[in-house]
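Visitor: If you scroll down you'll find the structure; I have some questions about it.
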Amino acid sequence: MSKWPIGVFASVDDGLGVHLDVVQELGIPTLHLHCPSPENRTEDAAKAFVSRAAEIGTEASCVFSGFAGETYESIQRTAETVGLVPESLRDERCALFRTTSDFAKWIGCDVVALHIGFVPDPSTDSYKDLIAKTQSLLDYVKDNGQNLHLETGQESADHLLHFIGDVDRDNLFINFDPANMILYGTGDPIEALKKVGHLVRSIHCKDATWAAEDVRGTGWGAEVPLGEGDVGMETYLRTLKELGYEGPLTIEREIAHDRERQKADIGAAVALLTELREKIG
Ligand code: MG
């Protein structure tokens, strides 16, 4: 695959991202696929996806996990509900994550990704348990011939690096989402990218504006169309180039309540990234 192919976050059922008809309409060659709901993680569904993807000229470079009951309605609710962090759900979700990894294997994809959630303080028992369970997942994923990418944003770059160091597995990397750093107020995305760049193996192209100073870290920033936020897309791509990143530029635009606008914004994002890719080279 050539350097910096354009991608988009997509799903086959009610997951995040756009539906495959939009991928087809916009002619987008690579996907981050939000994993189908658990009842659709079958070998037959995997075959159906592969043939549909081939028909429209695209392929998944990464399969993203998601769990029923996750909500992003506020930062507080996100901390309580997302990923492997909620302790009462941890075992059940680890089991579900294994089915995501299996589905990815069936479609021939060697990367799975995860919002692990708000990683607890390293001095807690919850943190130690999370480390052990993440290690076990990584061993499972490795047996499936895959790497795991953790999505950024819910912790600072330093906290994430500390966690990855403690997990200590050679198939754990980062999916960098610059807008999340702004949305959650966890740090300047370009500075963070430079810090974690050696582990970045996939990225999202998403944009956002900071929350007001007095609520930063407790209140959401705002997700906006690519190029209209505070990330600075040209600086972002130049930084990725300096780091030697050559993988897909995967657009994410989470406005499922307005599918028409979502499609238009993604079309504009494709144009912007194509122009910047040409300029930066
Ligand atoms: Mg993202």
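The values are calculated or read from the model by the stated rules, or taken from the named source; none is laboratory data. What you see is a predicted model; the values in this text were computed from it and never measured. All Cβ positions, glycine included, derive from the backbone under ideal geometry; neighbour counts span all protein chains shown. Areas reflect the complete protein model, heavy atoms only, side chains present, ligands, DNA and RNA absent. Shrake-Rupley method; radii C 1.70, N 1.55, O 1.52, S 1.80 Å.
Visitor: Given (1) over 15 Å from R277 (Cβ atoms); (2) at pLDDT 95 or above; (3) under 19 Å from the mean Cα position of the chain (by Cα), where does W220 come up short, assuming only one miss?
Guide: (2)
Visitor: Right, here's the next one. In this structure, does A271 turn out to be modelled with pLDDT of 95 or more, small (G, A, S) and open to solvent by 20 Å² or more (accessible area, probe 1.4 Å)?
Guide: yes
Visitor: Which residue is surrounded by the fewest Cβ atoms within 10 Å (Cβ to Cβ), if the candidates are limited to segment 201-224 and must be within 15 Å of the ligand (Cβ to nearest atom) and in a loop (DSSP other than H, G, I, E, B)?
Guide: W220
Visitor: Kindly establish whether G187 is within 16 Å of the ligand (Cβ to nearest atom), more than 17 Å from the chain's Cα centre (by Cα) and either under 21 Å from Y245 (Cβ atoms) or touching a residue at least 60 places away in the same chain (Cβ under 8 Å) (or both).
Guide: yes
Visitor: Between a first residue in segment 250-269 that is among the aliphatic types (A, V, I, L, M) and a second residue that is loosely packed, with under 13 Cβ neighbours inside 10 Å, which pairs have beta carbons less than 7 Å apart while being 6 or more apart in sequence or on different chains?
Guide: Hits for this filter: I255/R261.
Visitor: Considering each residue of segment 140-180, count those that are outside any helix (DSSP H, G or I) and either within 16 Å of the ligand (Cβ to nearest atom) or crowded, with 24+ Cβ neighbours inside 10 Å (or both), and give that number.
Guide: 13
Visitor: Of all residues in segment 117-139 being crowded, with 19+ Cβ neighbours inside 10 Å and within 15 Å of D91 (Cβ to Cβ), which is modelled with the lowest pLDDT?
Guide: Per the criteria, the residue is G117.
Visitor: Among the residues in segment 71-85, are any open to solvent by 50 Å² or more (accessible area, probe 1.4 Å) and either under 17 Å from the mean Cα position of the chain (by Cα) or at pLDDT 95 or above (or both)?
Guide: The answer is yes, given that some residue of segment 71-85 is open to solvent by 50 Å² or more (accessible area, probe 1.4 Å) and either under 17 Å from the mean Cα position of the chain (by Cα) or at pLDDT 95 or above (or both).
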